[in-house]
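The values are calculated or read from the model by the stated rules, or taken from the named source; none is laboratory data. Not measured: the values here are computed from a predicted model. Every residue, glycine among them, receives a Cβ derived from its backbone with ideal geometry; neighbour counts consider all protein chains shown.
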Amino acid sequence: MSSVRTDKEASTTLDDALKPTSRAVDGDAVVRALKPVTDGAPEAETTDGFHLVIDALKLNDIDTIFGLPGIPITDLTRMAQAEGMRVISFRHEQHAGNAAAAAGFLTQKPGICLTVSAPGFLNGLTALANATTNCFPMILISGSSEREIVDLQQGDYEEMDQLAIAKPLCKAAFRVLHAQDIGVGIARAIRSALSGRPGGVYLDLPAKLFAQTMDAAKGKASLIKVVDPAPRQIPAPDAVKRALDLLKGAKKPLILLGKGAAYAQADADIRALVEKTGIPYLPMSMAKGLLPDTHAQSAAAARSYVLQEADVVLLIGARLNWLLSHGKGKTWAEDKGAKQFIQIDIAPTEIDSNVAIAAPVIGDIGSCVAALLGGIDAKWAKPPAEWTGAIAERKDKNLSKMAVTLAARPSPMNFHSALSVIRDQVKARPDAIVVNEGANTLDFARSIVDMYEPRKRLDVGTWGIMGIGMGFAVAAAVVTDKPVIAIEGDSAFGFSGMEVETICRYNLPICIIVFNNNGVYRGTDVNASGTADVAPTVFVKNARYDKLMEAFGGVGVNATTADELQKALTEAVASRRPTLINAVIDETAGTESGRITSLNPATAKKK
Ligand code: ADP
Ligand code: TPW
């Protein structure tokens, strides 16, 4: 007999096997009774793998699944929906995975991505690896084919040793073979995703598991409600004292907030630490809004200056990776002498990863910041006025210069004129969530669009990965119900563009603005060979991305001026209708690779 089944065949089999008759005994719907095959004996209530997975997730307050159906998980999606979970079905697993990751970042609950075996699993894997890299908690759950056939490599339908492949790309990976172990499997996945440094977890569920049945009461008893999944980790008092002593002695202190600080949801204490110490701070891109970007102590508009000049830097949930030039070199004016770093992080092995850390403070950000705050009293001396004054001076100069650039209304639009419109809209709607990807579109938006509230900005993160746009936007809308503004380079948008159908299907309040400059980076590259092909970075000229949204019933607008963009964006945010604005941008604007030209071997050489 062939082991390949169509979806229809599979669900017919399941329909026969799983005839729901009555609901669970008690109010929390933990079990579902199935009609057992009986020979006159009293009917015992049974449950099955499908329902145990759903019940285990629900028991742990996980109410949403992002995924894409197919064998062997189609019925799982149907049953999850029937059992009251929100099931958001995507057009490609990578975007479902990205949605799960963003949901994890926003809620501190692991986002769930559900995929089919081999190809679906692999499509979800990029998102799982990206989530792990960014320290976002998510669980990729993939159906898989039969162990016996996979392990003997006998060519099963979508055969793949998924667990082995996932393992090096995530924080932890588990497989459940028996229905009675589902509770433990889900509990271990949740704990692994949330505890310590958050990250991605893979959970392998072979097809056979779903149809396994067991006694309903035993099944219910086998489920685990995870208690305290992200235990606080209190920093050692001597580590706190060391950090405070160093900070006290600083002449030019600086606080650097990273997305770990945004994730930690210790917003009030972080703000209090900044304000009580009076220390200037810099937010990394996804930490923007932890304090409003317009805050007097923000040194964002004097970034280069403070990174070079600071003598003691307090890192809160930020790694000294490439995004911070590894804590050395010209960016940090290394030739003027080494800085001293205090680093708050939950992962002890992060310390000294790039440069020596004088005062590590290991623990969760909430506890560490609270402990530091405990040492800041009324006698705390604020940083010298020479330091804060010098920063203010540079800030004012840069902001005035920027204001002039933003006020200009060139035709066609450039990045600045288009972004100034979005900047005003976000100021008017600080609760809106901004999703941002591209090269120039990313770099300019990060510095131009001020954020006012925590966790309102989602972007390409640690890898600088393209393709997070629509997945992140869908998650943001689903999880928060707030308006979402996705600021997308035209190349960046292309990675997940088909999900506009998903956005329309669920009628999500998402406004996508495609910065259309006809190509990757710019649209002006030429093919040096003289053949008919365009250059590798060039797209179809004057494409109308707005039509894509119209195809699925959303609102499409072609905006050629800042006024048109402003009108369309304001309407989109107010109406909450799925909208795509094709913002026509000068194709000569911007630079190759945006602001990271130094990492591009060709352009770095030319410089
Ligand atoms: P950014 O890119 O914004 O600089 P990173 O992703 O590089 O931020 O750094 C985030 C850091 O935050 C990681 O090293 C991670 O271990 C840490 N982190 C995440 N959550 C917490 C938490 N709750 N408490 C302490 N550290 C955390
Ligand atoms: C998964 C490489 C970095 S930025 C970018 C690419 C392809 C697109 C830039 O063009 P875009 O932006 O979006 O039109 P803009 O504002 O300059 O006009 N594949 C992946 N990730 C990355 N980072 C790349 C390729 C890349």
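For the reader, a short list of remarks on this structure follows.
- Residue in the stretch 391-414 that is outside the structural domain of Ile88 (by TED's automatic domain parsing), within 16 Å of ligand 2 (Cβ to nearest atom) and surrounded by 21 or more Cβ atoms within 10 Å (Cβ to Cβ) present: yes
Residue-wise test of (1) within 16 Å of ligand 1 (Cβ to nearest atom); (2) in the same structural domain as Gly467 (by TED's automatic domain parsing); (3) under 29 Å from the mean Cα position of the chain (by Cα).
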| residue | (1), (2), (3) |
| --- | --- |
| Thr115 | no, no, yes |
| Leu122 | no, no, yes |
| Leu152 | no, no, no |
| Met160 | no, no, yes |
| Leu177 | no, no, no |
| Arg188 | no, no, yes |
| Gly196 | yes, no, yes |
| Val201 | yes, no, yes |
| Ala217 | no, no, no |
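- Pairs linking a residue in the stretch 256-274 that is not assigned by TED's automatic domain parsing to the domain that holds Ser367 and within 16 Å of ligand 2 (Cβ to nearest atom) to a residue that is part of a helix (DSSP H, G or I) and modelled with pLDDT under 95, with Cβ atoms under 7 Å and 6 or more positions apart or on different chains, do not occur.
- Taken over the stretch 548-605, the criterion of being under 27 Å from the mean Cα position of the chain (by Cα) and more than 26 Å from Leu508 (Cβ to Cβ) is satisfied by Gly590, Thr591, Glu592, Ser593, Gly594, Arg595, Ile596, Thr597, Ser598, Leu599, Asn600.
- Residue among Leu76, Leu59, Leu52, Leu34 that alone is closer than 30 Å to Ile465 by Cβ and either at pLDDT below 95 or crowded, with 18+ Cβ neighbours inside 10 Å (or both): Leu76
- Pair list, Cβ < 6 Å and 6+ apart or interchain, from the stretch 430-441 residues that are not assigned by TED's automatic domain parsing to the domain that holds Leu290 to residues that are assigned to a strand (DSSP E or B) and away from ligand 2 (no atom under 16 Å from the Cβ): Ile433/Val484; Val434/Arg457
- Condition met for Ala207 (under 18 Å from Ala118 (Cα atoms) and either modelled with pLDDT under 95 or surrounded by 18 or more Cβ atoms within 10 Å (Cβ to Cβ) (or both)): yes
- Just one of the listed residues (Val312, Val274) is farther than 19 Å from Ala370 by Cβ and at pLDDT 95 or above, namely Val312.
- Yes/no for Ala371 being at pLDDT 95 or above, in contact with a strand residue (DSSP E or B) (Cβ under 9 Å, 6 or more places away or on another chain) and either part of a helix (DSSP H, G or I) or near ligand 1 (Cβ under 10 Å from one of its atoms) (or both): yes
- Residues located in the stretch 450-468, provided they are under 24 Å from Leu406 (Cβ atoms) and either buried (at least 24 other Cβ atoms within 10 Å of the Cβ) or touching a strand residue (DSSP E or B) at 6+ places or on another chain (Cβ under 6 Å) (or both): Met451, Lys456, Arg457, Leu458, Asp459, Val460
- Answer residue from the stretch 487-532, given it is out of contact with any Gly (no Cβ under 7 Å at 6 or more places or on another chain) and assigned to a strand (DSSP E or B) and is modelled with the lowest pLDDT among those: Gly519
- Once the stretch 415-452 is narrowed to residues that are over 19 Å from Ala476 (Cβ atoms) and of a type in the set (Gly, Ala, Ser), the residue that is farthest from ligand 2 (Cβ to nearest atom) is Ser420.
- Ile503 in contact with a Pro (Cβ under 7 Å, 6 or more places away or on another chain) and closer than 28 Å to Thr107 by Cα: yes
- Check on Lys456, at pLDDT 95 or above, in contact with a Phe, Trp or Tyr (Cβ under 8 Å, 6 or more places away or on another chain) and more than 16 Å from ligand 2 (Cβ to nearest atom): no
- So Ala318, is it hydrophobic (A, V, I, L, M, F, W, C), assigned to a loop (DSSP other than H, G, I, E, B), more than 16 Å from ligand 2 (Cβ to nearest atom) and under 27 Å from the mean Cα position of the chain (by Cα): yes
- Search result, residues across the stretch 452-488 that are within 13 Å of ligand 1 (Cβ to nearest atom) and of a type in the set (A, V, I, L, M, F, W, C): Leu458, Val460, Trp463, Ile465
- Qualifying residue in the stretch 591-599 (condition: outside any loop (DSSP other than H, G, I, E, B), at pLDDT 95 or above and assigned by TED's automatic domain parsing to the domain that holds Ala418): no
- Residues (surrounded by 15 or more Cβ atoms within 10 Å (Cβ to Cβ) and of a type in the set (Gly, Ala, Ser)) located in the stretch 348-374: Ser353, Ala358, Ala359, Gly363, Gly366, Ser367, Ala370, Ala371
- Restricting the stretch 493-543 to residues that are under 27 Å from Gly554 (Cα atoms) and of a type in the set (S, T, N, Q), the residue that is nearest to ligand 1 (Cβ to nearest atom): Ser496
- Candidates Val534, Val520, filtered to the one that is among the aliphatic types (A, V, I, L, M), within 16 Å of ligand 2 (Cβ to nearest atom), out of contact with any Ser or Thr (no Cβ under 7 Å at 6 or more places or on another chain) and outside the structural domain of Asn98 (by TED's automatic domain parsing): Val534
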